[in-house]
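Next up is a structure, given as structure tokens.
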Ligand code: CTP
């Protein structure tokens, strides 16, 4: 996605600097050439070696360091080839220096010398963020064309729960990809994605579910958004934060997911069912907590009767307007992966199915095959779910 792009990541001294590791690693995985410039104080929080290892390039902590000798005038040669500068985290001090045009450390020097777009992700204490000086400096940067992301509200290192948290790396990456003008081949398209494992209630405190984390669905939603699509994300995942610009519609059970999909699928040109939907649910969920029973000091067995849930993909495949909509399913198999996935593609009347085995459940990476209606099968090696999402969307974009 980002191959051929050079990105400078500036890291200043906020405790959120640890999240910059994730930003650098994700940019690198997306194919970018990443250079990290750190302030001296940031080096007290994260060792430059960490960024050097993650980026594969020398880390700029001193513009005259011998290891930058291969670059004639580092702050000029690097900034000339940079397509984007991201400052994450960006402290109140760096905001102030940038607003004044100061260049007294490698980071601010490079920003001042660069004509590339700049994205800053502030992180600081809420009182600092609300300080009129910071407000004014930030407004000035915005006026001058700096892009801002965050800060968000939440739990802060200082113990407060308020505004000041640096945005999540996923959201910073999405914004960066957008700024770099990644393929907008889904612009004007509406993509519906489902994610996570449904929960089927046994009683008010217990449920049946599966190991799906929802990460693949969230990666697809994010990637579709990056490519310009309007995205509806229907999620049974309990803990993943909403991707940037997408408000996930939260559901619990297979029945809840079916209802939400039927409510929203009408305008979608593509429906991607990445959710691990339960095939069975307790037939008689109890209204109060089931208690264990003992008779004559022996524990009594408890049986839960299960009934099948409705197949969501089959339900939409049978709806009117089927042909104006691309249906993508996932097949998670423990044996005979390709044969079983092909069978699902036919039985559910899908256009494309993503076949993967159980090793990718709940993980960060996925090894998968794509099988299409015409029988074409393409195999893909283990890769991040973000990258896989774009591979899948390449096929979606070509068809909608
Ligand atoms: N799916 C669905 N509705 C269900 C069950 C599954 O829409 N009630 C979708 C899943 O989101 C996935 C595809 O169907 O895209 C295949 O799901 P999977 O669980 O692998 O297969 P099942 O159809 O449930 O069949 P089996 O469990 O027998 O393998």
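The values are calculated or read from the model by the stated rules, or taken from the named source; none is laboratory data. Predicted, not measured: the structure shown is a model, and the values here were computed from it. Heads up, the Cβs are rebuilt from the backbone with ideal geometry, glycines too, and the neighbour counts pull from every protein chain shown.
Looking at residue 332, is it in the same structural domain as residue 267 (by TED's automatic domain parsing) and not in a strand (DSSP E or B)?
Details: in the same structural domain as residue 267 (by TED's automatic domain parsing): yes; not in a strand (DSSP E or B): no.
Considered against the rule, which asks whether it is in the same structural domain as residue 267 (by TED's automatic domain parsing) and not in a strand (DSSP E or B), residue 332 comes out as no.
Identify all residues within region 46-65 that are more than 19 Å from residue 29 (Cα to Cα) and without any contact (Cβ under 8 Å) to a residue 12 or more places away in the chain; write none if there are none.
Scanning region 46-65 gives 47, 64, 65.
Among the candidates 240, 258, single out the residue that is within 24 Å of residue 201 (Cβ to Cβ), touching a helix residue (DSSP H, G or I) at 6+ places or on another chain (Cβ under 6 Å) and away from the ligand (no atom under 14 Å from the Cβ).
Details: 258 fails: away from the ligand (no atom under 14 Å from the Cβ).
One residue alone meets the criteria, 240.
Continuing with the same structure: Only one of 163, 94 is touching a residue at least 24 places away in the same chain (Cβ under 8 Å) and under 21 Å from residue 59 (Cα atoms); which? Break it down stepwise before answering.
Working: 163 fails: under 21 Å from residue 59 (Cα atoms).
Within the list 163, 94, the selection yields 94.
Could you check, for region 295-302, whether at least one of its residues is under 15 Å from the mean Cα position of the chain (by Cα), assigned by TED's automatic domain parsing to the domain that holds residue 345, surrounded by fewer than 14 Cβ atoms within 10 Å (Cβ to Cβ) and over 21 Å from residue 330 (Cβ atoms)? Walk me through how you get there before you give the answer.
The first filter runs over region 295-302 and keeps only residues under 15 Å from the mean Cα position of the chain (by Cα), leaving none.
Within region 295-302 (the criterion being under 15 Å from the mean Cα position of the chain (by Cα), assigned by TED's automatic domain parsing to the domain that holds residue 345, surrounded by fewer than 14 Cβ atoms within 10 Å (Cβ to Cβ) and over 21 Å from residue 330 (Cβ atoms)), the answer is no, since none of the residues qualifies.
Counting only residues that are part of a helix (DSSP H, G or I) and crowded, with 16+ Cβ neighbours inside 10 Å, how many does region 382-400 have?
Going through region 382-400, the residues part of a helix (DSSP H, G or I) turn out to be 385-399.
So of that shortlist, the ones also crowded, with 16+ Cβ neighbours inside 10 Å come out as 385-393, 395-397.
The total comes to 12.
If you don't mind, another one. For residues in region 137-154 being assigned to a helix (DSSP H, G or I) and without any contact (Cβ under 8 Å) to a residue 12 or more places away in the chain, which is nearest to residue 24 (Cα to Cα)?
The first filter runs over region 137-154 and keeps only residues assigned to a helix (DSSP H, G or I), leaving 137-143.
Narrowing the set further to residues that are without any contact (Cβ under 8 Å) to a residue 12 or more places away in the chain leaves 139, 142-143.
Numbers: 139: 27, 142: 24, 143: 27 Å.
Selected residue: 142.
How about region 177-224: which strands (runs of 3 or more DSSP E) wholly inside it have at least 3 residues that are in contact with a helix residue (DSSP H, G or I) (Cβ under 6 Å, 6 or more places away or on another chain)? Show your work before the answer.
Details: elements: 190-195, 200-203, 206-208.
The strands (runs of 3 or more DSSP E) meeting that bar are 190-195.
For residue 62, only one of the following conditions fails: (1) at positive phi; (2) out of contact with any strand residue (DSSP E or B) (no Cβ under 8 Å at 6 or more places or on another chain). What is its number?
Only one criterion in (1) at positive phi; (2) out of contact with any strand residue (DSSP E or B) (no Cβ under 8 Å at 6 or more places or on another chain) is unmet by residue 62, namely (1).
Turning to a different aspect of this structure: In the list 328, 400, which residue meets the criterion of being away from the ligand (no atom under 16 Å from the Cβ) and in contact with a strand residue (DSSP E or B) (Cβ under 6 Å, 6 or more places away or on another chain)?
Numbers: 328 fails: away from the ligand (no atom under 16 Å from the Cβ).
400 is the lone residue from the list that is away from the ligand (no atom under 16 Å from the Cβ) and in contact with a strand residue (DSSP E or B) (Cβ under 6 Å, 6 or more places away or on another chain).
Right, another one. I'm trying to understand the selection: among the residues of region 263-279, which are more than 26 Å from residue 391 (Cβ to Cβ) and more than 12 Å from the ligand (Cβ to nearest atom)?
Initially, region 263-279 is screened for residues more than 26 Å from residue 391 (Cβ to Cβ), giving 263, 266, 278-279.
Passing the criteria: 263, 266.
For the subset of region 289-319 comprising residues that are touching a strand residue (DSSP E or B) at 6+ places or on another chain (Cβ under 7 Å) and within 16 Å of the ligand (Cβ to nearest atom), which member is farthest from residue 192 (Cα to Cα)?
Per the stated criteria, the residue is 306.
In region 252-269, how many are farther than 22 Å from residue 210 by Cα and touching a strand residue (DSSP E or B) at 6+ places or on another chain (Cβ under 8 Å)?
The qualifying residues number 5.
Moving on to the next point. Among (1) out of contact with any strand residue (DSSP E or B) (no Cβ under 6 Å at 6 or more places or on another chain); (2) in the same structural domain as residue 292 (by TED's automatic domain parsing); (3) closer than 24 Å to residue 400 by Cβ, there is one condition residue 218 misses while meeting the rest; what is its number?
Status for residue 218: all satisfied but (1).
From the list 338, 371, which residue is within 16 Å of the ligand (Cβ to nearest atom), assigned to a strand (DSSP E or B), more than 23 Å from residue 278 (Cβ to Cβ) and modelled with pLDDT of 95 or more?
Working: 338 fails: assigned to a strand (DSSP E or B).
The unique qualifying residue is 371.
Hey, among the residues in region 270-288 that are in contact with a strand residue (DSSP E or B) (Cβ under 6 Å, 6 or more places away or on another chain) and part of a loop (DSSP other than H, G, I, E, B), which one's farthest from residue 220 (Cα to Cα)?
Within region 270-288, the subset in contact with a strand residue (DSSP E or B) (Cβ under 6 Å, 6 or more places away or on another chain) is 270-276, 278, 280-283, 285-286.
Next cut, part of a loop (DSSP other than H, G, I, E, B) only: 274-275, 278, 283, 285-286.
Details: 274: 9, 275: 11, 278: 21, 283: 33, 285: 33, 286: 36 Å.
If we take residues in region 270-288 being in contact with a strand residue (DSSP E or B) (Cβ under 6 Å, 6 or more places away or on another chain) and part of a loop (DSSP other than H, G, I, E, B), then 286 is farthest from residue 220 (Cα to Cα).
I need the full set of residues from region 344-362 which are surrounded by fewer than 18 Cβ atoms within 10 Å (Cβ to Cβ), more than 9 Å from the ligand (Cβ to nearest atom) and on the phi < 0 side of the Ramachandran plot, in order please.
346, 357, 358, 359, 361, listed by residue number.
Taking residue 356 as the residue in question, decide whether it is in contact with a strand residue (DSSP E or B) (Cβ under 8 Å, 6 or more places away or on another chain), over 19 Å from residue 199 (Cα atoms) and free of Cβ contacts under 8 Å to residues at least 24 places away in the same chain. Break it down stepwise before answering.
Numbers: in contact with a strand residue (DSSP E or B) (Cβ under 8 Å, 6 or more places away or on another chain): yes; over 19 Å from residue 199 (Cα atoms): yes; free of Cβ contacts under 8 Å to residues at least 24 places away in the same chain: no.
No: the conditions fail for residue 356.
Within region 265-273, identify whether any single residue is closer than 21 Å to residue 368 by Cβ, under 15 Å from the mean Cα position of the chain (by Cα) and surrounded by 20 or more Cβ atoms within 10 Å (Cβ to Cβ), and answer yes or no. Reasoning before the result, please.
So in region 265-273, the residues closer than 21 Å to residue 368 by Cβ come out as 270-273.
Restricting the remaining residues to those that are under 15 Å from the mean Cα position of the chain (by Cα) gives none.
No, the conditions are met nowhere in region 265-273.
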